[in-house]
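Here is the structure we will look at, set down as structure tokens.
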Amino acid sequence: MKIPLSWHQLTHERMRLAVAIAGIAFADILMFMQLGFKNALFDSAVRLPKSLKGDIFLVSSQTDTFIAPKNFSARRLYEVMGINGIQNINPMYMNVSVWKNPDTKATRQIFVIGFNPVHNVLDLPGIADNLDLTKQPDVVLFDQRSRAEFGPIKQDFLAGKTVTTEVANRNITVGGLFTLGSSFGADGFIVTSDLNFFRLFPDRQKGLINVGVIQLEPGANLNQVYQEVRQKLSEGDVKVFTKAELIEYERNYWQKRTTIGFIFGLGTVMGFIVGTVIVYQILYTDVSDHLPEYATLKAMGYADTYLLIVVFQEAILLAIVGFVPSLGLAFFLYSNTAKATGLPIMMTLARATQVLILTVVMCVISGAIAVGKLRAADPADIF
């Protein structure tokens, strides 16, 4: 099999090739991590809305993000109960409180969710099995994927120990574990009954809720009921969402209304630029070092097109051999980052394909810039 000239050119200087691979892999890792963090941000932000067991949802019109919901009157939720197709309605209460680490006594903010345990509104592992325990005074369920700074709650509970601590300066007992996971907006979560919620927040007005969860009867027309609810609550003090709309609303907040999405996007661009510069330097040096050989080929009758193809082949080969080690390293970094932070950062086929395409484009752009010197190569001038 005939080995391409472009491969001979790249492997002629092994050290230069190694530097090029390292440079491209570095740029790819930058892009992998920035894209990974950005998507982990969005995925973690919508985990709670995704877990809700409902069809239509009400939130205050002043609510920007689900992790910091504003209050609105519970009367607005009960107004829609008479609409045909609605099976039941459930108010949810949310607030941030202070959790005391039972071992170190250090405090940390934790997100508290309360609702009537008779009607489960969270589709999360561990909720259905343990929800009845929250009917007992001062019993909560703890998110076992909360950050380690809250203490060894999961380990102690699974070891059979009675886990007690303080939330909002009130003694509580961990009655069970569930699985959700931390996000950029909350390091940890606890779930309890609505009665226990008001014990933790005694100053909270009971007529104010944060989320209204509406569950429809089997076979009900979602769009029809949704439109009737919107018409019923048209005064503008509450927003009405389907589940898909609520998830998209939360995602858009983090993507478009905060600087975090922009920062991670900028990091991806910077990685692309760094890689382009590195590959350009490698290809430009290669063309310069082999200019006499290229000029000889031109003198022998080879067209500029053939020589340009050689350079572009080098660029694409660099993209592929640089991408492979970066993909392996990205898997390793994703795994360790997920363990350390609890964020849902993982490799996907779409992301790997995206970075591969960016790498090829990056190298082709570098090659296009580097061939300028080759175009100008005149055998008469060189010899």
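The residue of segment 257-283 that is farthest from PHE184 (Cα to Cα), among those that are exposed (fewer than 15 other Cβ atoms within 10 Å of the Cβ) and under 19 Å from the mean Cα position of the chain (by Cα), is VAL269. Given (1) crowded, with 17+ Cβ neighbours inside 10 Å; (2) farther than 22 Å from SER51 by Cβ, where does THR162 come up short, assuming only one miss? All conditions pass for THR162, except number (1). The strands (runs of 3 or more DSSP E) found wholly in segment 33-116 and carrying at least 2 residues that are surrounded by fewer than 20 Cβ atoms within 10 Å (Cβ to Cβ), modelled with pLDDT of 95 or more and in contact with a Leu (Cβ under 9 Å, 6 or more places away or on another chain) occupy 86-100. For GLU245, the criteria (1) at pLDDT 95 or above; (2) buried (at least 17 other Cβ atoms within 10 Å of the Cβ); (3) not small (Gly, Ala, Ser) hold in every case but one, which is (2).
Of the residues making up segment 257-299, those that are farther than 27 Å from LEU356 by Cβ and assigned to a helix (DSSP H, G or I) are THR259, SER288, ASP289, LEU291, PRO292, GLU293, TYR294, ALA295, THR296, LEU297, LYS298, ALA299. Working only within segment 220-234, note down all residues that are free of Cβ contacts under 8 Å to residues at least 24 places away in the same chain and not in a loop (DSSP other than H, G, I, E, B). Scanning segment 220-234 gives ASN223, GLN227, ARG230, GLN231. Looking across segment 138-159, the residues that are over 14 Å from SER182 (Cα atoms) and either crowded, with 20+ Cβ neighbours inside 10 Å or hydroxyl-bearing (Ser, Thr, Tyr) (or both) come down to VAL140, LEU141, GLY151, ILE153. Does segment 117-126 hold any residues that are part of a loop (DSSP other than H, G, I, E, B) and surrounded by 18 or more Cβ atoms within 10 Å (Cβ to Cβ), and which are they? If the condition is that a residue be part of a loop (DSSP other than H, G, I, E, B) and surrounded by 18 or more Cβ atoms within 10 Å (Cβ to Cβ), then PRO117, VAL121, LEU124, GLY126 are the ones that fit.
The values are calculated or read from the model by the stated rules, or taken from the named source; none is laboratory data. Keep in mind that what you see is a predicted model, and the values were worked out from it rather than measured. No Cβ is skipped: glycine too gets one built from the backbone with ideal geometry, and neighbour counts run over all protein chains shown.
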